[in-house]
1. Quick check on my filter: what residues within segment 83-127 are within 22 Å of the chain's Cα centre (by Cα) and of a type in the set (Phe, Trp, Tyr)?
2. I'm told residue 122 meets every condition in (1) surrounded by 12 or more Cβ atoms within 10 Å (Cβ to Cβ); (2) of a type outside the set (Lys, Arg); (3) not in a strand (DSSP E or B) except one. Can you identify the failing condition by its number?
3. Can you pull out the residues in segment 65-102 that are more than 14 Å from residue 34 (Cα to Cα) and small (Gly, Ala, Ser)?
4. Scan 59, 70, 84 and give me the residue that is part of a strand (DSSP E or B) and in contact with a Phe, Trp or Tyr (Cβ under 8 Å, 6 or more places away or on another chain).
5. What tally of residues in segment 19-56 results from selecting those that are over 13 Å from the mean Cα position of the chain (by Cα), among the β-branched types (Val, Ile, Thr), modelled with pLDDT of 90 or more and assigned to a strand (DSSP E or B)?
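The values are calculated or read from the model by the stated rules, or taken from the named source; none is laboratory data. Please read all numbers here as calculations on a predicted model, not as lab measurements. When we count neighbours, we look across all protein chains shown, and the Cβ atoms used for this are built from the backbone with ideal geometry, even at glycine.
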Amino acid sequence: MRRVIVVAVAGMGLSGCASFSFDSFKSTPPTVPVTLESVPSGAEARTSNGQTCKTPCSVNIPAGETGFSVTFTMNKFQPATVPVQVTYTPGDNTGEVPTPAITTIEPNPVFVELKPAGPPKPIRAKPKKPKPPASAAAPAASPFPNPPPPTR
């Protein structure tokens, strides 16, 4: 009976190893800071990956990112979107002199000058037709009779 219990416990212990993964030992990918600036300052900057801040500010982008865009918005100004290119070059540890991984962000800082929103277009009133002067002669005979004056 002891052997059966030992075998059962060993089997359960080994089955736990099947679900073991080395992913838990991987570090999170490094991030690279990207500076966001606008004129006027105080605009809301929103990246395409969901990060937001008020300019001037900085956001951290994963080093493996390939590219993203930043949209700047502010009341009374037209929104502006700037594409950002991220280039990641992995390091090389196989040579005599190891080279580190390099992440290049273009442009950095991301800068935009917001243009004022134009004033709203005025509503144009239709030009009024001028009334003929009261002293003007009555038109020649009309095929329609004059309407009776209004009663009060």
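1. Scanning segment 83-127 gives a single hit, 111.
2. Result: residue 122 fails condition (1) only.
3. Those that are more than 14 Å from residue 34 (Cα to Cα) and small (Gly, Ala, Ser): 80, 91, 95, 101.
4. Working: 59 fails: in contact with a Phe, Trp or Tyr (Cβ under 8 Å, 6 or more places away or on another chain); 70 fails: in contact with a Phe, Trp or Tyr (Cβ under 8 Å, 6 or more places away or on another chain).
Unique residue meeting the criteria: 84.
5. 3
Listed here are the residues, each with its yes/no results for (1) free of Cβ contacts under 8 Å to residues at least 40 places away in the same chain; (2) among the β-branched types (Val, Ile, Thr); (3) crowded, with 16+ Cβ neighbours inside 10 Å.
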position: 42; (1), (2), (3): yes, no, no
position: 47; (1), (2), (3): yes, yes, yes
position: 53; (1), (2), (3): yes, no, no
position: 57; (1), (2), (3): yes, no, yes
position: 61; (1), (2), (3): no, yes, yes
position: 66; (1), (2), (3): yes, yes, no
position: 78; (1), (2), (3): yes, no, no
position: 100; (1), (2), (3): yes, no, no
position: 104; (1), (2), (3): yes, yes, no
